[in-house]
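Worksheet for the structure shown next.
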Amino acid sequence: MRVVQLVLIAVISGLASAATNSSYPRVNACAALEAALLGDVAYPNTTAYIQLNNYWSDQQRETLPRCFVTPKTTPDVATVLKILTRQNAPFTVKSGGHVPFPGGSSIENGVTIDLVHINGVDVSADRKTVSVGPGNRWLNVTEKLDPLGLAVVGGRDQNVGVSGLLLGGGISFFSGIYGWACDNVRKYEVVLASGNVIYASPNENSDLYWALRGGGGLNYGVVTRFDLAAFDQGDLWLHMLSFPGTENRTIIVGFQNLTIEGLPRDPAAHSVLGVASDPFTGVTTATLTFLHAGVPSPPGSVPAVFQPFESLPKALATSSSTGSVSKYLTLLATPYGGRRDWGNVIISANFSQVVLDDIMSLYAKRNAALIKNGGGDTIAPLALLQAIPVNVLAQMQKNGGNAFGLTPSDGPLIMVSFPISWTNPANDKLVMNSTKKLLADVAATAKKHGVYNPYIYLNYAGLSQ
Ligand SMILES: Cc1cc2nc3c(=O)[nH]c(=O)nc-3n(C[C@H](O)[C@H](O)[C@H](O)COP(=O)(O)OP(=O)(O)OC[C@H]3O[C@@H](n4cnc5c(N)ncnc54)[C@H](O)[C@@H]3O)c2cc1C
């Protein structure tokens with residue numbers, strides 16, 4: 001029933017077809033937008049166009065629109081959508097531009113609606129709600145909230161856009177306590193293709209509210225305001241540990257136990273495990289990142305939930321610190337540039353040693369082939385493990401549940417994603433095909449051993465997914 005309703009919303013809003021229609025009559029939509037907005041349109045070979053064409057990956061930056069339009073208000077967005085849909089013009093919407101693949105939030109020869117100027121961050125008088133404009137990056141939000149002793153469930157990288165992260169899901173430092181970012185949106189302001197402005201909350205357009213929490217945004221409308229639940233928050237604690245690849249098995253099993261038992265016992269704890277492969281030797285290094293939403297007492301101690309890792313020998317490097325949310329958004333940011341791809345497979349955290357060995361062996365074989373065939377290009381593969389413990393799955397049931405369809409009985413889960421970067425465009429096919437095959441092989445292994453979960457996390461989904 002809900003699927004039917006989603007399709008209906010998409011058809012009624014007309015956005016899905018408008019954004020992809022191939023019979024665009026090449027009427028000059030850019031000129032019409034410029035006339036209607038009295039400016040706010042940027043054309044190729046201008047400084048404004050070059051500045052707006054900032055994307056995390058090179059492939060998105062190379063996908064060039066006829067113009068960028070930069071509405072400043074919700075009525076501006078309504079005007080833009082009316083013009084574009086009337087002309088049947090192909091368009092896309094951009095917030096932080098962090099989808100890696102071409103066309104993610106860029107469009108060749110179409111119009112890119114860049115929301116950069118709709119960037120308010122307003123705290124309600126009772127400090128319970130923060131209204132956030134869709135053109136913000138997460139650092140804009142945390143820099144406003146940190147001095148107030150407030151936070152919202154949001155991104156972990158300073159430059160990621162609020163919109164994409166909130167509309168696709170949103171794994172946050174605070175997810176153990178509150179769920180993913182989308183589970184903590186009280187209300188959306190949405191402009192439909194018709195130009196009508198509507199609101200979606202548990203009490204108003206509740207089906208759209210459900211769909212926007214994880215179903216991706218652009219199929220349903222352009223979100224022009226997110227009202228986010230706020231909470232009191234002070235400094236965080238961060239701890240990082242790196243180990244040589246010889247310890248991968250031990251570290252991954254430790255992370256598995258943390259997901260199954262540790263994180264549900266201490267919802268303020270958060271962790272990510274990355275196994276990076278050296279671009280030239282294929283030698284791996286495992287890095288554990290631990291965060292805690294409260295500073296441990298006594299100062300300098302390690303919270304009990306992470307203690308099992310402290311006794312592991314052979315750590316190559318460790319670091320600990322405390323600081324604001326903004327500090328860690330900046331510290332953990334992944335720089336712009338380079339060619340990028342990724343994709344994810346979700347498995348039960350209750351996997352056996354065989355599954356772990358199979359996945360790591362598929363990853364190593366794929367990486368060795370890239371070293372062999374990449375012509376000396378700097379191809380940098382990563383396997384990223386992110387926990388979806390039962391406490392997070394329980395939080396996802398709030399407000400009528402989100403669009404993922406996951407329940408605590410599906411968990412605990414681990415998302416295995418495979419981000420990769422490289423520099424030579426000649427290797428695009430080689431790398432992207434290798435990621436696609438790796439994802440298929442890992443999914444097949446997980447299915448064979450009965451630990452596959454069909455859910456794919458949109459925000460780390462590859463083009464083939
Ligand atoms: C370095 C890095 C760090 C990341 N960290 C995290 C993390 O901590 N947690 C996590 O869960 N994910 C994370 N991600 C994944 C991230 O959530 C997704 O890539 C997300 O889509 C990026 O959002 P954006 O606004 O920057 O992207 P964009 O590319 O601008 O937009 C993403 C999609 O949303 C659509 N869209 C944008 N704005 C709107 C709007 N207002 N209304 C309707 N549709 C809209 C776009 O058309 C596009 O389809 C990270 C990604 C990167 C590259």
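The values are calculated or read from the model by the stated rules, or taken from the named source; none is laboratory data. Nothing here was measured: the structure is a model prediction, and the numbers come from that model. Please note: Cβ atoms are built from the backbone with ideal geometry, for glycine as well, and neighbour counts cover all protein chains shown. With ligands, DNA and RNA removed, areas are computed over all heavy atoms of the protein, side chains included. Shrake-Rupley method; radii C 1.70, N 1.55, O 1.52, S 1.80 Å.
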Pull out a ≥ b ≥ c, the square roots of the eigenvalues of the alpha-carbon gyration tensor of the chain, then state rounded if a/c is under 1.5, prolate if not and a/b is larger than b/c, and oblate in the remaining case. prolate
By its C-alpha gyration tensor, with a ≥ b ≥ c as the square roots of the eigenvalues, how is segment 190-229 shaped: rounded for a/c under 1.5, else prolate for a/b larger than b/c, else oblate? rounded
Report the FRET efficiency, 1/(1 + (r/R0)^6), for Asn88 and Asp357, where r is their Cβ-Cβ distance and R0 is 51 Å, rounded to 0.05. 0.45
Before rounding to the nearest 500, sum -39500 (n - 2.57) across all DSSP H runs of length at least 4 in the chain and divide by the residue total; then give [θ] at 222 nm in deg cm²/dmol. -9000 deg cm²/dmol
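Nearest 5 is fine: what % of DSSP beta bridges in the chain come out antiparallel, could you say? Don't skip to the end; give the middle numbers.
Numbers: 70 of 77 bridges.
Roughly 90 percent of the DSSP beta bridges within the chain come out antiparallel.
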Simple SL model, points at 7 angstrom along Cα→Cβ for Ala440 and Arg249; separation in nm is 3.0 nm
Tell me, what is the per residue accessible area of segment 306-408 in Å², probe radius 1.4 Å? 41 Å²
Between helix 248-257 and the chain: long-axis angle, C-alpha atoms, 0 to 90°, nearest 10: 70 degrees
How many nm separate the modelled label positions at Asn373 and Ala35, each set 7 Å beyond the Cα in the direction of the Cβ? 5.2 nm
Over segment 64-214, with the other protein chains present, what is the accessible area per residue in square angstrom, probe 1.4 angstrom? 31 Å²
Cysteines not pairable in the chain (beta carbon separation under 4.7 Å absent): Cys182
Going by alpha carbons, how many degrees (0 to 90, nearest 10) lie between the helix axis of 2-13 and the longest principal axis of the chain? 40 degrees
Going by a ≥ b ≥ c, the root eigenvalues of the Cα gyration tensor, does segment 350-400 fall in the rounded group (a/c under 1.5), the prolate group (a/b larger than b/c) or the oblate group? oblate
Can you give the FRET efficiency to the nearest 0.05 for Leu64 and Ser319, using r as the Cβ-Cβ distance and R₀ = 35 Å? 0.30
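First select every other residue whose beta carbon is under 15 angstrom from the beta carbon of Thr63; then total the charges, Lys and Arg +1, Asp and Glu -1.
On the way: positive: Arg61, Arg66, Lys94, Arg339, Arg340; negative: Asp58, Glu62, Glu108, Asp114, Asp341, Asp428.
Taking every Cβ under 15 Å from that of Thr63, the sum is -1.
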What accessible area, in Å² to the nearest ten, does a 1.4 Å probe give for Ile177? 60 Å²
So Ser311 and Val123, fully extended at 0.36 nm per residue minus their Cα-Cα distance, gain in nm 63.3 nm
Over segment 121-232, with every protein chain in place, what whole percent of the accessible area is carbon and sulfur at 1.4 Å, could you tell me? 47 percent
What pairs from Lys72/Lys128; Lys94/Lys429; Lys144/Lys314; Lys128/Lys327; Lys327/Lys436; Lys82/Lys436 go past 29 Å between their alpha carbons? Lys144/Lys314; Lys327/Lys436; Lys82/Lys436
Once both axes come from the Cα atoms, what is the angle between helix 428-448 and the longest principal axis of the chain, in degrees from 0 to 90, rounded to 10? 60 degrees
